[in-house]
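The values are calculated or read from the model by the stated rules, or taken from the named source; none is laboratory data. In this text, all values refer to a predicted model and were calculated from it rather than measured experimentally. Using ideal geometry, Cβ is built from the backbone for each residue, glycine included, and neighbour counts are taken over all protein chains shown. The protein model used for the area step is the full one, side chains on, heavy atoms only, and it has no ligands, DNA or RNA in it. Shrake-Rupley method; radii C 1.70, N 1.55, O 1.52, S 1.80 Å.
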Amino acid sequence: DLTVARIWDVADASGTPSRVSAVYQAPTRDSFILALKDVAEIWEIATGPDAAPESFARRRIAVSQPLDDFFFDPAYRHLIGAARDGGKAVVVDLVAGREIAELPLPGMPHLGSGISWMRDGRRVMATPHLKEGKLSVIGVDDWKLVATIETAGPGFFLRSHELTPYVWADAFLSKRKDVIHLIDKQSLAIVRTLQPVP
């Protein structure tokens, strides 16, 4: 009926207030995941019929630093989170409720635009970087860096789908902001660079 069901004052366990930088739906978990910009917590809000002890129950997950941009694996078991001013990302196991790995991702990764696909029998994910002309490709099974793909400049988006062999990547935040790279998902090579008519 579009009425407000619940309102929270957003603050960590010690009472420090925070802005909410993103809200993600986690459909396989029947929840929403909140990225908090100013405190070292992630919130999970239960929305399913079995939410206990009440509807919209809040779960706090403590992390080592504020994380305000997330990528989720397809099962929503793990998230990768990065701080806007940091040179690394962390992997959080949402079932265990703790960090399980750290990734070197300098250049401000834009994890919210990350995508994943199957490569050589294993799932990988890739993310653009907002301050560096490269894409990072990471193995989702062991959370190790698989490859770094040099691009024409910093980009904002990656796009693909299961029926294409290519990743589409922009260089929107560079001097060559009008180019689009097509990257082979298996070789990780840029196979074509498109420059649309102005």
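Could you tell me the convex hull volume per residue, in Å³, taken over the Cα atoms of the chain?
Measuring per residue, one finds 159 Å³ for the Cα hull of the chain.
Report the normalised scattering of region 93-132 as log10 I(q)/I(0) at q = 0.34 Å⁻¹, calculated by the Debye formula with identical scatterers on the alpha carbons.
Debye intensities relative to I(0), on a log10 scale: -0.99.
In percent, what relative contact order does the chain have, based on Cα pairs under 8 Å that are 6 or more apart in sequence?
Numbers: 474 pairs, mean separation 18.4, N = 198.
Reported as a whole number, the value is 9 percent.
Report the net charge of residues surrounding P109, where surrounding means a beta-carbon distance below 11 angstrom and charges are Lys +1, Arg +1, Asp -1, Glu -1.
+2
Within the chain, what is the number of lysine pairs with alpha carbons under 18 Å apart, leaving out pairs fewer than eight places apart on the same chain?
11
Beta carbons within 10 angstrom, averaged per residue: use that to sort the peptides 130-137, 42-49, 76-83, highest first.
For the peptides 130-137, 42-49, 76-83, the packing ranking is 76-83, 130-137, 42-49.
When you take every Cα atom in region 1-93, what is the radius of gyration, and what is Dmax, the widest Cα pair distance, in Å?
Over region 1-93's Cα set, Rg and Dmax evaluate to 13.3, 44 Å.
Of all the Cα-Cα pairs you can form in region 71-146, what percent are over 19 Å apart?
For region 71-146, the share of Cα pairs beyond 19 Å comes to 28 percent.
From the phi angles alone, apply the Karplus equation (6.51, -1.76, 1.60; θ = phi - 60°) to region 65-80 and give each ³J(HN,Hα) in whole Hz, x where the residue is Gly or Pro.
Residue by residue, region 65-80 yields 7, x, 10, 10, 8, 10, 10, 10, 5, x, 7, 6, 8, 10, 10, 9 Hz.
May I ask you to give the solvent-accessible area per residue for the chain, in square angstrom, as obtained with a 1.4 angstrom probe?
In whole numbers, the chain has 53 Å² accessible per residue.
Can you grab the distance from the C-alpha centre of region 63-110 to the C-alpha centre of region 13-57, Å, no decimals?
What the calculation gives is 15 Å, centre to centre.
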